[in-house]
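Undergrad: Mind looking over this structure? Questions follow.
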Amino acid sequence: MTDNASDQPGSVPEITRAVTRGAARLLGDLGQGVLTEFSLATKRRVDVIGIDRAGIITVVEVKASVADFKGDRKWREYLDFCDRFFFAVASEFPRELLPSDENCGVIIADRFGAEILREPVEEKLAAARRKAVTLRFARTAAQRLQTLLDPNI
């Protein structure tokens, strides 16, 4: 048994990992290339980002607790970097707290997978922003792969 509270079942870090994994699996199942902990040009970091074959960019913000959600003032900044935006939460999260805004979709997730409960309205990115995000995504993915292949780089 571990002494680290963050590794305990039901802890906020454990819920965050599980919901992130499930949301990433869902995007992958939908045919998207997926990255987690992706830094935008603004230096803000999104929890999960996916790009599909048509170039549609999806951002998922993971919320593991009510305190995490209530303390977050940055999520609206992510809307300028995606076509589709979702909150991903565990099934126990009080969904009535999530914005009913049509720009915000809702995903319920656990470590095994996820389900979309509400689709967001798609807001098309400008071509220049789409290109910039896509290039950043590609470079980040390539750098992460190269680091796995050769950690001494």
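Undergrad: Would you please list the contacts, defined by Cβ atoms under 9 Å and residues six or more apart or on different chains, that run from a residue in region 59-82 that is more than 17 Å from Glu122 (Cβ to Cβ) to a residue that is assigned to a loop (DSSP other than H, G, I, E, B) and among the polar types (S, T, N, Q)?
TA: These pairs meet every condition: Ala64/Ser11; Glu77/Thr42.
Undergrad: What number of residues within region 35-49 satisfy the criterion of being in a strand (DSSP E or B) and more than 9 Å from the chain's Cα centre (by Cα)? Break it down stepwise before answering.
TA: So the first thing to find is which residues in region 35-49 are in a strand (DSSP E or B), and the list is 35-39, 45-49.
Still in the list and also more than 9 Å from the chain's Cα centre (by Cα): 39, 45.
Residues flagged as in a strand (DSSP E or B) and more than 9 Å from the chain's Cα centre (by Cα) within region 35-49 amount to 2.
Undergrad: Return the pairs, sorted by first residue and then second, in which the second residue is exposed (fewer than 12 other Cβ atoms within 10 Å of the Cβ) and among the hydroxyl-bearing types (Ser, Thr, Tyr), the first residue lies in region 113-129 and is closer than 22 Å to Gly22 by Cα, the beta carbons are less than 7 Å apart, and the residues are 6+ apart or on different chains.
TA: If the second residue must be exposed (fewer than 12 other Cβ atoms within 10 Å of the Cβ) and among the hydroxyl-bearing types (Ser, Thr, Tyr), no pairs are left.
Undergrad: Shifting gears a bit: If I go through region 92-132 residue by residue, how many of them are farther than 16 Å from Ala24 by Cα and not charged (D, E, K, R)?
TA: Total satisfying the criteria: 15.
Undergrad: If Ile15 passes every condition in (1) in contact with a helix residue (DSSP H, G or I) (Cβ under 8 Å, 6 or more places away or on another chain); (2) closer than 22 Å to Lys74 by Cα but one, which one does it miss?
TA: Unmet condition: (1).
None of the figures in this text is laboratory data; all of them are computed from the coordinates on show. Here the structure is a predicted model, which means the values were calculated and not measured. Neighbour counts run over all protein chains shown; Cβ positions are idealised from the backbone, glycine included.
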